[in-house]
Amino acid sequence: MSPRSVALSGWGRWPQVEAELTEATTLDGIRGLVGLGAVSVRGAGRSYGDSSLGTRVLDMAHHTRMRSFDRDSGVAVVDAGATIEDLLRVFAPRGWLPAVTPGTRFVTVGGALASDVHGKNHHAAGSFSDHVLWFELLLGDGEVVRVSRESLPELFHATAGGMGLTGVILSVALQLIPVRSGRILQRSLKLPGIDATVAAIETNANWTYSAAWIDCQARGRSLGRSLLLLGEHDTDGGHDPAVNVRRPVAIPFVPPSGTLARPVVSAFNTLYHGRQRAVERTALVSYTSFFHPLDAIANWNLLYGKRGFLQYQFVTPAQAGADPLRRALALISQAPVPAPLAVLKAFGEANSNLLSFPLRGYTLAVDMPATAAALELCERLDRLVLDCGGRIYLSKDARMSPETFRACYPRWQEFEEIRARHGATGKFSTLQSTRLGLT
Amino acid sequence: MRRWCTEEPTHFVLVGRREDTLRAISEDLVTRGCDGTEASIHVGAFRDSEEVAATVAGALEHGRPDIALVAFGSLPEQAVVSATASALTEALEVNGVWPALCAQLLFNALREEGAGRIVLLGSVAGDRGRRSNYAYGAAKSLLATFAAGLAHAAVGTGVSVSLVKPGPTDTPMTRGAGTRGRLAAPDDVARTIVAGVARKQPVIYAPPRWRVIMAIIRALPGPLFDRLDI
């Protein structure tokens, strides 16, 4: 219950700050902390930048209890600290899966809602909050409200994607999806460049799951060469839980910051792209290896060494076509930044949330070490993204300016008004919200 | 507890002081458990021997348990209990006297049935008194001796008694108590406990490496032990 002084960072390990971390185990404990003044709400700390950081941080990761599950409808009610992994462990063996899963199973449900995360099926299923029926929210005055699209629409659409700035998400009611198997039928296509990749994404839009791994180091005619991974739930094969949940291995030390230097990354990418000889391959793979391949290494974020890394993820509108992607990849491949693989996927329609990231178009996510050169590259990418009417993902961000934020998220004022109406102003803030000029 | 219910349908009877907490735990067990998992709750107090007796009797009205887990206590700050008589008394009672009384009452009931397992939650802190938490440690060592005696008394009755000695584990009790070093993952500790109880092991260290660590700490000669800041 009592606060601890700790060094905190997001998943990117940059920036790192000293924070007072309080784990409130009871509702009264949470109320008491919120009563003290500005508080930052943190789940598993899997957002990359500074959106879970602040000087006074409420740790919600231990609120992992599950409240109910309706075996007929597939509606699960869980506390906000339960993770996607918890959902997989408990419900996958019974034939129910989360409708949307991000690239890691270690995020909390509360964090997934606050970030309104998406998965490889965004074009078909929308984002995480689109499968949330209601949630409980503790407001700035300590009152707990049950929020649904019907009961409190403005609070629902401000909180989903609202980065924890409207209140403390306490529990979430989720609609799970029934599946006949825990395995995924995976088809992978090896594609020579960006135009072929975008064309293949469009012609295969009927696949439920779709995302391309792009080699960011390839230039010239190979610019944007990729492996496009498509997936569909297998129609039989049972629900062996061991297939889905494996214990990750951990990197036991922090390697030197230069481990992922440009030549190493280039060689890895060439090998990765070249590993698949055939142009097309089909296989049955486990749920985990399809959705959460990086989870096999518990702390892969250490690979970037002490200085940490940042992930830059943007979306460009569909009407702009593949051209902004081509220009972005050219910028990335020419910058003195060892950017390994990037992930490209097509988004479906945006939802009605005020700060949710997805909009119809193409999204590209790329990791880079936190260096001055990388920050400069991000600035150039910002301009490109804004020029074509795109936006940058808040859950990955650690560095965008208030001006960029406002251009990306034009409904920010509405967001601020709703926060003010519900007593969130000055109560819930993070390093990110302060940096972005939110009150 | 979650570990037990994923394997086979289990009926839990949860006993504790706070109804809201018990209810939340029972919902969690039923939601996570396999089909057929049930949980009932019994609210009771543990502040004196009458209250403990009433609580145990009330819990037993839900049916005779196959496995009875006695796991309550609180980790006091040694500085506080050293300075306050009432806090010291409470620390010794909550962590030692009342759990021992629970175990005895459960044993008396289970002996009539001629079957059942009693599991007491001790601690590695009970293995040797240390200046940093000897009040808690002494209460836990009371439980250790009590469990050993109860196990001896249980020979031939069909009842078994196990004492669990967890090392520092990542739980609400240890977090915020300024615990140093690495805390064990609750899931690993739970796995060890379930396996040990299934084998009717009399003393279960969890994680098992603490058996070795504590053997060394117990064997340290006094002058050397005195120099340790533990």
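Name every residue in region B:23-54 that is more than 14 Å from chain A (Cβ to nearest Cβ), in contact with a Ser or Thr (Cβ under 8 Å, 6 or more places away or on another chain) and free of Cβ contacts under 8 Å to residues at least 24 places away in the same chain, in order of residue number. Across region B:23-54, there are no qualifying residues. Quick check: is even one residue across region B:80-92 part of a helix (DSSP H, G or I), more than 14 Å from residue B:203 (Cα to Cα) and touching a Pro at 6+ places or on another chain (Cβ under 6 Å)? Among the residues of region B:80-92, at least one is part of a helix (DSSP H, G or I), more than 14 Å from residue B:203 (Cα to Cα) and touching a Pro at 6+ places or on another chain (Cβ under 6 Å), which makes the answer yes.
Among the residues in region A:304-318, are any modelled with pLDDT of 90 or more, within 22 Å of the chain's Cα centre (by Cα) and hydroxyl-bearing (Ser, Thr, Tyr)? Within region A:304-318, one or more residues are modelled with pLDDT of 90 or more, within 22 Å of the chain's Cα centre (by Cα) and hydroxyl-bearing (Ser, Thr, Tyr). Tell me whether region B:162-171 contains one or more residues that are within 14 Å of another protein chain (Cβ to nearest Cβ), open to solvent by 30 Å² or more (accessible area, probe 1.4 Å) and either more than 17 Å from the chain's Cα centre (by Cα) or without any contact (Cβ under 8 Å) to a residue 40 or more places away in the chain (or both). So far as region B:162-171 goes, yes, one or more of its residues are within 14 Å of another protein chain (Cβ to nearest Cβ), open to solvent by 30 Å² or more (accessible area, probe 1.4 Å) and either more than 17 Å from the chain's Cα centre (by Cα) or without any contact (Cβ under 8 Å) to a residue 40 or more places away in the chain (or both).
Candidates B:101, B:75: the one that is open to solvent by 20 Å² or more (accessible area, probe 1.4 Å) and assigned to a helix (DSSP H, G or I) is B:101.
A search for C-beta distances below 7 Å between a residue of region A:354-383 that is under 25 Å from residue A:198 (Cβ atoms) and open to solvent by 10 Å² or more (accessible area, probe 1.4 Å) and any residue that is of a type in the set (S, T, N, Q) and not in a helix (DSSP H, G or I), counting only pairs 6+ apart in sequence or on different chains, returns A:362/A:316; A:365/A:311; A:365/A:313; A:367/A:311.
All conditions but one from (1) surrounded by fewer than 23 Cβ atoms within 10 Å (Cβ to Cβ); (2) closer than 22 Å to residue A:17 by Cβ apply to residue A:397; the one that does not is (1).
Condition (residue is within 24 Å of residue A:141 (Cα to Cα) and away from chain B (no Cβ under 14 Å)) applied to region A:11-28: is it met by at least one residue? Yes, region A:11-28 contains at least one residue that is within 24 Å of residue A:141 (Cα to Cα) and away from chain B (no Cβ under 14 Å).
Taking first residues from region A:286-312 that are under 21 Å from residue A:50 (Cα atoms) and partners that are open to solvent by less than 20 Å² (accessible area, probe 1.4 Å) and assigned to a helix (DSSP H, G or I), the Cβ contacts under 6 Å between residues at least 6 apart in sequence or on separate chains come to A:312/A:378. For region B:12-60, filtered to residues that are out of contact with any His (no Cβ under 9 Å at 6 or more places or on another chain) and of a type in the set (Asp, Glu), the residue that is surrounded by the most Cβ atoms within 10 Å (Cβ to Cβ) is B:28. Residue selection: residue B:117 fails the criterion of being open to solvent by 30 Å² or more (accessible area, probe 1.4 Å), free of Cβ contacts under 8 Å to residues at least 24 places away in the same chain and basic (Lys, Arg). Here is the figure for region B:13-22: residues that are at the interface with chain A (Cβ under 10 Å from one of its Cβ atoms) and under 13 Å from residue A:65 (Cβ atoms) total 2. Residues that are assigned to a strand (DSSP E or B) and away from every other protein chain (no Cβ under 14 Å) were ranked within region A:1-10; the one that is farthest from residue A:80 (Cα to Cα) is A:7. Take the conditions closer than 28 Å to residue A:77 by Cβ, of a type in the set (Ser, Thr, Tyr) and away from every other protein chain (no Cβ under 14 Å) and apply them to residue B:82. Does it pass? So residue B:82 does not fit the description; no.
For residue A:170, are the conditions met, namely being surrounded by 16 or more Cβ atoms within 10 Å (Cβ to Cβ) and over 21 Å from the mean Cα position of the chain (by Cα)? In short, no. Region A:38-93 holds strands (runs of 3 or more DSSP E) entirely within its bounds, and those carrying 3 or more residues that are within 12 Å of chain B (Cβ to nearest Cβ) and under 23 Å from the mean Cα position of the chain (by Cα) map to A:75-79.
The values are calculated or read from the model by the stated rules, or taken from the named source; none is laboratory data. What you see is a predicted model; the values in this text were computed from it and never measured. Reconstructed Cβ throughout: ideal geometry from the backbone, glycine too, with neighbour counts over all protein chains shown. Quick note on the areas: whole protein, heavy atoms, side chains included, nothing else; ligands and nucleic acids left out. Shrake-Rupley method; radii C 1.70, N 1.55, O 1.52, S 1.80 Å.
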